[in-house]
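Just so it is clear, none of the values below were taken in a lab; they were calculated from the coordinates. Just so we're clear, the structure is a prediction, and the values are computed from it rather than from any experiment. Positions of Cβ are generated from backbone atoms using ideal geometry, with glycine treated the same way; all protein chains shown enter the neighbour counts.
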Amino acid sequence: MYRKEFFVFNQNQPIRAVIRNYQEKDFSGLIAVQQECFPPPFPSDLWWNKEQLQNHVTLFPEGALCIEIEGKVVGSMTGLLVDFDSKHPEHTWETITDNGYIRNHDSEGNTLYVVDISVSPTYRKLGLGKWLMLSMYEVVVYKGLERLLGGGRMPGYHKKENEMTPEQYLESVVKGELKDPVITFLLQCGRTPVQVVANYLKDEESCDFGALMEWKNPFFLPISEQGEC
């Protein structure tokens, strides 16, 4: 199973951190982090429940990561494996993640799909979200998968809805003309846009749009190219 110990810095002060697979004992802490990260108007029924978390640690424990600071769980990232067809990328968060229950996890899938990433607001200045993302990239490489994929919220879009399309908004963020709390973070983590997806998630701030963004495994070699090197 996954476990990584390292230091993060609060200004010049090193702080010990651990990223590991979360377990049943962590469920209450994980739910508390979700409540801190996604306050109203984010729908409370989209916060984790214990049945969902139990499925995560049972069906795909490799994709269930949490981060601890001084022994306290302050963030998490969850994924499942899907067989993704890049020629038909349209989907909703509910469908591809089974509403977060991941009962559709495909152990033979080619893609690690991000169900959720969240870090307690109190600890966000420590760069923990990026550490979680990098750790999940390591899972992608370890499993020999083609990519990491997920739909990012665009919480700044509702402020620009009357001025531009969601595609134009995403393009402006990529160009650096606008900053978005989620999309800019994903870009900084090495994720690249695939396309905008309508009705991706019930989210007023994003006007229900999501930006599908991927990270391609640099070590992945398609079957058609194997043996040609």
Once you have the alpha carbon radius of gyration of the stretch 1-91, what is it after dividing by 2.2 N^0.38 Å, with N set to its residue count?
1.26
Within 14 Å, Cβ to Cβ, of Met164, how many net charges do the neighbouring residues add up to if Lys/Arg are +1 and Asp/Glu are -1?
-3
For Rg and Dmax of the Cα atoms in Å, several values are listed as [x] 17.3, 53; [y] 16.4, 49; [z] 17.1, 49; flag the one computed from this structure.
[x]
Under 10 Å, Cα contacts only: if you run a Gaussian network model on the chain, which one of Asn21, Asn217, Asn162 comes out with the highest mean-square fluctuation?
Asn162
Whole-Hz couplings from phi, Karplus 6.51/-1.76/1.60, listed for the stretch 173-181; x for Gly and Pro:
5, 4, 6, x, 6, 10, 10, 10, x
Over the stretch 151-217: Rg over Rh, Cα atoms, Kirkwood Rh
0.93
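Under the 0.36 nm per residue contour assumption, what length would be gained going from the current alpha-carbon distance of Glu24 and Arg124 to full extension?
Between Glu24 and Arg124, full extension yields 33.6 nm more.
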Roughly how many debye, to the nearest 20, is the charge dipole of the stretch 151-217 about its Cα centre, given +1 on each Lys and Arg Cβ, -1 on each Asp and Glu Cβ, and no other charges?
260
Once every DSSP H run of n ≥ 4 in the chain is given -39500 (n - 2.57) and the sum is divided by its residues, what mean residue ellipticity at 222 nm do you get, rounded to the nearest 500 deg cm²/dmol?
-7500 deg cm²/dmol
Would you please give the FRET efficiency between Gln168 and Ser86, computed as 1/(1 + (r/R0)^6) with r the Cβ-Cβ distance and R0 = 22 Å, to the nearest 0.05?
0.45
Dipole magnitude of the stretch 106-213 about its Cα centre (Cβ charges: Lys, Arg +1; Asp, Glu -1), debye to nearest 20:
480
For the chain, size of Cβ-based charge dipole, Lys and Arg +1, Asp and Glu -1, in debye
900
For Gly152, list long-range residues whose amide hydrogen, built 1.01 Å from N in the peptide plane, is under 5 Å from its own amide hydrogen.
Ala211, Leu212, Met213
Phi-based couplings in Hz for the stretch 66-79 (Karplus 6.51, -1.76, 1.60; Gly and Pro marked x):
10, 10, 10, 10, 6, x, 9, 6, 10, x, 7, 9, 10, x
Non-local residues with an amide H under 5 Å from the amide H of Lys202, with H modelled 1.01 Å from N and Pro and chain starts lacking one, are none
Using the Karplus curve 6.51 cos²θ - 1.76 cosθ + 1.60 with θ = phi - 60°, what ³J(HN,Hα) values do you get for each residue of the stretch 151-162, in whole Hz, with x for Gly and Pro?
x, x, 5, 10, x, x, 5, 4, 6, 10, 4, 7
Would you work out which of Val74, Gly100, Tyr200 lies farthest towards the positive end of the dipole of the chain, given +1 charges on the beta-carbon of Lys and Arg and -1 on that of Asp and Glu, about the Cα centre?
Val74
Taking 45 Å as R0, compute the FRET efficiency from the Cβ-Cβ separation of Met1 and Glu204 and round it to 0.05.
0.75
Residue separation between Ser107 and Lys143 times 0.36 nm, minus their alpha-carbon distance, gives in nm 11.9 nm
Computed lengthening from Glu94 to Ile31, 0.36 nm per intervening residue step minus Cα-Cα distance
20.8 nm
Mind listing the long-range amide H neighbours of Asp116? Cut-off is under 5 Å, sequence gap 5 or more, other chains count too, H placed in the peptide plane at 1.01 Å from N.
Thr78
